[in-house]
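Input: a single structure, listed below in C-alpha cells.
The values are calculated or read from the model by the stated rules, or taken from the named source; none is laboratory data. These numbers come from a predicted model, not from an experiment. As a convention, Cβ positions derive from the backbone with ideal geometry for all residues, glycine included, and neighbour counts pool all protein chains shown. Accessible surface areas use protein heavy atoms only, side chains included; no ligands, DNA or RNA. Shrake-Rupley method; radii C 1.70, N 1.55, O 1.52, S 1.80 Å.
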Amino acid sequence: MSLLKNSLKIFLCISILISCQNEELLFENAICIQNINTIDPSDGLKKNQTVIIKNGKIHKIVATDSLNLSGKNTIVDGTGKYLIPGLWDAHVHFAYIEEMAPSMFDLFLTHGITSVRDTGGKVDFVKGWKDKALANPTDAPRVMMAGPLLDGEPNVYDGSDAAHPELSVGLATVEDVTSQIEMLVSKNVDLLKAYEMLTPEQFEQIMALAKKNRLKVTGHVPLSMDAITASNLGLNSIEHMRNLEISCASNAEELWEQRKKLLKNEKNLTGGELRSSIHTAQREIAIANYDEERANKVLATLKKNDTWQIPTQALNTFFTRKYFARNDWQESYALLPDTIGQDWLDNSKALANAETPKAKEAWNQWNYMMVKKIHDTGIPIMAGTDTPIAFLTPGLSLHEELAVLVEDVGLSTLDALKAATINPAKYFSLHNELGSVKENMWADLVILDANPLENIKNTTKIYAVIKQGKLHDKDMLNARIQKLKN
Ligand SMILES: [Zn+2]
C-alpha cells in the first residue's frame with residue numbers, strides 16, 4: 001500500500017515538473033519584460049508585473065514573483081520602469097512636405113508613436129507610405145489614411161504656394177463627390193476627410209456614401225454649415241474644433257448672414273485666401289460673444305451624436321505658447337532633412353520675436369476652456385498634432401500635445417494617455433487588438449524611465465519601443481536618431 005502511495009507521489013511530482021517545464025518552454029524565444037509597472041489606459045497602474053511578448057502579441061501578464069523564466073528568452077529588466085501602450089498621433093500629413101516623408105517613420109517610432117492617422121494628402125503618395133508600413137510592421141508605425149481633403153471650390157490646399165500644398169481635391173458638384181469617393185474606396189482608404197469649402201449638398205453626399213461604405217468621416221465643419229447640422233448628419237469627428245466658435249456665439253445669426261456674403265467670393269480670392277479672410281473677419285468676434293447656453297447645446301448635440309474631437313492644442317495655441325521659440329524644440333530640427341531643418345530654424349527665430357496679437361490670447365483661452373468643457377461633457381478626444389505643419393516636428397509634437405492637454409487644458413494624465421492610445425484604437429474599432437496593456441493585444445508598447453501618471457512629460461523619457469513584438473532597445477533607437485542627424 002505504501003509502495004503504491006509512494007509511486008503515486010513520484011508520479012505526481014514528475015507530472016508537476018513536466019508541466020512546469022512546459023510552462024517555461026512556452027516562453028522560449030519570447031521577450032519578457034520583468035518586474036515592470038504597467039499602465040493600462042482603462043485599468044491604470046499595476047506594479048511589479050512581468051509581460052511576456054510572443055508572436056507579435058502580449059502573450060501573458062503575470063505578477064513578477066509568480067514566474068520563473070527560462071534563460072532562452074530575451075529578458076528586459078523593467079525594474080523602476082513603466083510600460084504604456086504605443087502612442088498614436090491622430091492627425092498627421094505625410095504629404096504636406098513630401099521631402100520630409102522618408103524621415104517620418106523613424107521620427108515617429110523613436111518617439112514612441114506606433115500608429116498614425118493621416119488626415120489628408122494625395123492618395124497615391126500617402127498610400128505608398130501606408131503600403132511600406134504594412135510591409136514592415138515591426139519597424140514602421142501603423143498608418144491609417146483618409147486620402148485627400150474633400151473640398152469644394154475654390155479648394156484651400158490647391159498647391160498654389162508652399163503653405164498650401166496640394167492636399168485637397170476641389171470638387172465642383174455632388175457628382176464629383178460621388179466619383180471621387182468611389183475612387184478612394186477602390187484604394188482602401190480608412191476614413192474620409194471633409195473640408196471647409198464644401199456645399200451642404202456635397203457634405204450630405206459624403207456622409208451618405210461614407211455610411212454606405214462603412215467609413216468614418218472626419219473634418220472641419222464646412223464654412224457653409226453649422227456644427228450642429230454637420231454633427232446631426234453623422235460627422236464622426238471634428239479636427240481643431242474648426243468652426244465651432246461661430247455656433248457657440250450669441251450673435252451667430254448675424255455672423256451667418258455676413259458669412260453667406262463672404263462665401264460669394266466677390267474678390268475672386270484663392271481658396272486659401274478666402275478661408276483665412278473669413279476666419280479673420282469672424283473668429284475673434286465669435287469668441288468675444290461666447291454664449292455658455294449655446295455652447296452647452298452644441299456640445300450636448302456632439303455628445304448625443306458621438307462626434308469626437310481632435311483639438312490639436314499645440315497647433316491652435318501656436319502664436320501664444322510659441323513652442324518653436326524654445327531651444328529644446330529648435331534642437332529637434334537637427335533630426336529633419338538639412339534644408340528643412342535650416343528653414344524651420346530661421347523662420348522659428350524670426351517668429352519667436354514677433355509680438356503676439358491680443359486676439360490670439362483670447363483664442364488661446366477659448367481653446368483651453370472649450371477642450372475642458374468637451375472633455376467634461378463626455379465627448380471622446382484624440383491626441384493629434386497636424387505635423388509637419390507649423391514647425392511641429394514629427395514625433396516630438398505628440399508629446400507637446402499631451403503636455404498642453406494636461407498642463408494647460410487640465411485633463412488628468414491618464415485621460416491624456418487615453419487620448420493617444422485606447423481612444424484612437426476605438427475610433428477605428430481596433431480596441432480589441434490595440435491601445436491597451438492586456439493579453440492578446442498586439443505588442444505595440446513603450447517602456448518609459450519614469451511615471452507619466454506623475455508627470456505627463458515623462459512620456460518623452462523613452463527607454464525602449466516595441467512594435468508588433470519587436471524590441472527596439474535604447475541602442476537601436478539611438479542608431480535611428482543618429483541616422484536622422486546625418
Ligand atoms: Zn491637418
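Could you tell me whether PHE105 is more than 16 Å from the ligand (Cβ to nearest atom), touching a residue at least 24 places away in the same chain (Cβ under 8 Å) and open to solvent by less than 30 Å² (accessible area, probe 1.4 Å)?
Against the criterion (more than 16 Å from the ligand (Cβ to nearest atom), touching a residue at least 24 places away in the same chain (Cβ under 8 Å) and open to solvent by less than 30 Å² (accessible area, probe 1.4 Å)), PHE105 qualifies.
Report, by residue number, each residue of segment 224-239 that is of a type outside the set (A, V, I, L, M) and open to solvent by less than 10 Å² (accessible area, probe 1.4 Å). Show your work before the answer.
At the first step, the residues of segment 224-239 found to be of a type outside the set (A, V, I, L, M) are 224, 226, 229, 231-232, 234, 236-237, 239.
If the condition is that a residue be of a type outside the set (A, V, I, L, M) and open to solvent by less than 10 Å² (accessible area, probe 1.4 Å), then SER231, SER237, GLU239 are the ones that fit.
Looking at ALA172 and the list (1) open to solvent by 30 Å² or more (accessible area, probe 1.4 Å); (2) over 20 Å from ARG117 (Cβ atoms); (3) assigned to a helix (DSSP H, G or I), which single condition is not satisfied?
Among (1) open to solvent by 30 Å² or more (accessible area, probe 1.4 Å); (2) over 20 Å from ARG117 (Cβ atoms); (3) assigned to a helix (DSSP H, G or I), ALA172 violates only (3).
Applying the selection to segment 136-163, what residues are assigned to a strand (DSSP E or B), more than 19 Å from the chain's Cα centre (by Cα) and either at pLDDT 95 or above or of a type in the set (Gly, Ala, Ser) (or both)? It would help to see each step written out before you state the result.
Pass one, segment 136-163, residues assigned to a strand (DSSP E or B): 142-145, 149-151, 161.
With more than 19 Å from the chain's Cα centre (by Cα) added as a condition, the list becomes 150-151, 161.
Within segment 136-163, LEU150, ASP151 qualify.
I'd like the full set of residues that are among the charged types (D, E, K, R) and more than 14 Å from the ligand (Cβ to nearest atom), limited to segment 89-102. Don't jump to the end; show me each part of the working.
Within segment 89-102, the subset among the charged types (D, E, K, R) is 89, 98-99.
Across segment 89-102, the qualifying residues are GLU98, GLU99.
Whether any residue in segment 291-302 is assigned by TED's automatic domain parsing to the domain that holds ALA390, under 28 Å from LEU235 (Cβ atoms), crowded, with 16+ Cβ neighbours inside 10 Å and over 26 Å from the mean Cα position of the chain (by Cα) is what I want to check.
Among the residues of segment 291-302, at least one is assigned by TED's automatic domain parsing to the domain that holds ALA390, under 28 Å from LEU235 (Cβ atoms), crowded, with 16+ Cβ neighbours inside 10 Å and over 26 Å from the mean Cα position of the chain (by Cα), which makes the answer yes.
Being touching a strand residue (DSSP E or B) at 6+ places or on another chain (Cβ under 7 Å) and closer than 15 Å to LYS297 by Cα is the filter; apply it to segment 245-260 and report the residue that is surrounded by the fewest Cβ atoms within 10 Å (Cβ to Cβ). Before the answer, list the steps.
So the first thing to find is which residues in segment 245-260 are touching a strand residue (DSSP E or B) at 6+ places or on another chain (Cβ under 7 Å), and the list is 248-249, 255.
Those left that are additionally closer than 15 Å to LYS297 by Cα: 248-249.
Working: CYS248: 25, ALA249: 23.
Here the residue is ALA249.
This table checks each residue for (1) in contact with a helix residue (DSSP H, G or I) (Cβ under 8 Å, 6 or more places away or on another chain); (2) within 16 Å of the ligand (Cβ to nearest atom); (3) of a type in the set (D, E, K, R).
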residue	(1), (2), (3)
MET225	yes, no, no
GLU253	no, no, yes
ASN265	yes, no, no
ARG283	yes, no, yes
ARG294	yes, no, yes
LEU299	yes, no, no
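Restricting attention to segment 108-135, and to residues there that are part of a loop (DSSP other than H, G, I, E, B) and touching a Lys or Arg at 6+ places or on another chain (Cβ under 9 Å), which single residue is surrounded by the most Cβ atoms within 10 Å (Cβ to Cβ)?
Filtering segment 108-135 down to residues part of a loop (DSSP other than H, G, I, E, B) leaves 111-112, 119-122.
Add one more test, that the residue is touching a Lys or Arg at 6+ places or on another chain (Cβ under 9 Å), and what stays is 119-120.
Numbers: THR119: 26, GLY120: 29.
Looking at residues that are part of a loop (DSSP other than H, G, I, E, B) and touching a Lys or Arg at 6+ places or on another chain (Cβ under 9 Å), I get GLY120.
For segment 430-471: of the residues being farther than 20 Å from GLN34 by Cβ, more than 15 Å from the chain's Cα centre (by Cα) and without any contact (Cβ under 8 Å) to a residue 60 or more places away in the chain, which is most open to solvent (accessible area, probe 1.4 Å)?
For segment 430-471, the residue satisfying everything is GLU454.
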